[in-house]
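The values are calculated or read from the model by the stated rules, or taken from the named source; none is laboratory data. Not measured: the values here are computed from a predicted model. Cβ sites come from the backbone with ideal geometry, for glycine too, and all protein chains shown count toward neighbours. These area figures cover heavy atoms from the full protein model, side chains too; ligands, DNA and RNA do not enter into them. Shrake-Rupley method; radii C 1.70, N 1.55, O 1.52, S 1.80 Å.
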Amino acid sequence: MIIYEQRCSETLLSMGEISRLVGIHTDMIHRFFQHGLIDPLVEEPEPLFDDTVVGRIEKIIRLRQDLGVNLNGCGLALDLLEKISQLEQQLLQRNGKKHVISHQEHP
């Protein structure tokens, strides 16, 4: 694998590199980009993406293949999954703080 550019310990990948990693044609990666499903960190001279986009694209592929979700539906589903993950993290943080407080109140 050729890593196109590295910035501040982030690996940036071109559409061609992403295509090879996930096993789909670059045209499909470009469609995901056009539909706003993936966002590049760098746009010029060509779009370059954070390596975490690979996992996001794999989710898109699963949504399309396993559930028959169209690209607009994939965007909505990914947004909802991200929101759920954020809420779960907030709950874990709050529960962790309550746990610490309860131990401090009851020696």
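So which residues in segment 77-94 are open to solvent by less than 90 Å² (accessible area, probe 1.4 Å) and more than 14 Å from the chain's Cα centre (by Cα), if there are any at all?
Of everything in segment 77-94, those that are open to solvent by less than 90 Å² (accessible area, probe 1.4 Å) and more than 14 Å from the chain's Cα centre (by Cα) turn out to be 87, 90.
Pick from segment 59-98 the residues that are small (Gly, Ala, Ser) and assigned to a helix (DSSP H, G or I): which of them is nearest to residue 35 (Cα to Cα)?
Across segment 59-98, the extreme among qualifying residues is 75.
Has segment 53-76 got any residue that is at pLDDT below 90, open to solvent by less than 60 Å² (accessible area, probe 1.4 Å) and of a type in the set (A, V, I, L, M, F, W, C)?
No, that holds for no residue.
Among the numbered criteria (1) out of contact with any helix residue (DSSP H, G or I) (no Cβ under 8 Å at 6 or more places or on another chain); (2) open to solvent by less than 60 Å² (accessible area, probe 1.4 Å); (3) in contact (Cβ under 8 Å) with a residue 12 or more places away in the chain, which one does residue 20 miss?
(2)
Output the number of residues of segment 32-43 satisfying the condition of being assigned to a helix (DSSP H, G or I) and either surrounded by fewer than 14 Cβ atoms within 10 Å (Cβ to Cβ) or of a type in the set (S, T, N, Q) (or both).
1
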